[in-house]
Amino acid sequence: MQPQAKFLETRFAVVPVSKVVNTRLFDEKTELEDYDRSDDLSHPSEHHDLKFGIASFVYRRRRPFNLKRFNDWLDQWPPEITRCKDVMWLITQPERVFNISQSGWAMDIIPSGYWIASMKKWEIKKMFTVRKHLRESWDERLGDRMIELAFIGQNMDKETIIHDLDACLMCEDEVVTLRGDSFRLTHH
């Protein structure tokens, strides 16, 4: 990891060669002395995370996102988040599981199946026998519906991200509208 690395925003990977070749930004001798490669890579040490400001956290909630507020938040995506992935629940499509996968500026949000709670009662009962740990995450009212997003980034403001995402959640007395659901699949 190079904490002093410069990020260049490009369109279609077009960048002046002088910005990436012979920049004199990397000093191999200093970098190798500074980086201790004796760590067991299967157990990364926390001091690397602290040294480079890398952190991770999981955002878990049992309420769905309000689509408009979540879309607005996506438009203001914090650049400190370098990776986000996992599942989310949108109020406009309570039966569908949505997967989000983000790395850098690339992001996919796609439907990836159905919540078990949206199945028929006999199917749900069967799922409890098939998935041994389902009871641990099951909510009597909501079933398995949830938002669970893992974030990895450098110098993230965790509290602000959590606060902003909480502001995207549906409120109890809020009216649901299907208009403007950019995640709804349409068939032509």
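The values are calculated or read from the model by the stated rules, or taken from the named source; none is laboratory data. Since we're looking at a predicted model, the values are computed, not measured. For neighbour counting, all protein chains shown are included, and Cβ atoms are generated from backbone atoms with ideal geometry for every residue, glycine included. Only protein heavy atoms, including side chains, enter the accessible area calculation; ligands, DNA and RNA are left aside. Shrake-Rupley method; radii C 1.70, N 1.55, O 1.52, S 1.80 Å.
Averaged per residue, what accessible area in Å² does the stretch 92-164 show with a 1.4 Å probe, protein chains only?
Details: 4730 Å² over 73 residues.
About 65 Å² of surface per residue is accessible.
Within 13 Å, Cβ to Cβ, of E172, how many net charges do the neighbouring residues add up to if Lys/Arg are +1 and Asp/Glu are -1? Present the calculation step by step, with values, prior to reporting the outcome.
Details: positive: R62, R63, R141; negative: D173, E174.
Net charge around E172: +1.
Which of the lysines could a cross-linker span from K85 if the Cα-Cα distance has to be under 16 Å and same-chain partners fewer than 8 positions apart are dropped?
Qualifying lysines at Cα under 16 Å: K158.
What ranking do 152-160, 60-68, 100-108 get when scored by the average of other Cβ atoms within 10 Å per residue, highest first? Could you put the intermediate results ahead of the total?
Values: 152-160: 14.2, 60-68: 18.0, 100-108: 12.7.
Answer by packing, highest mean first, reads 60-68, 152-160, 100-108.
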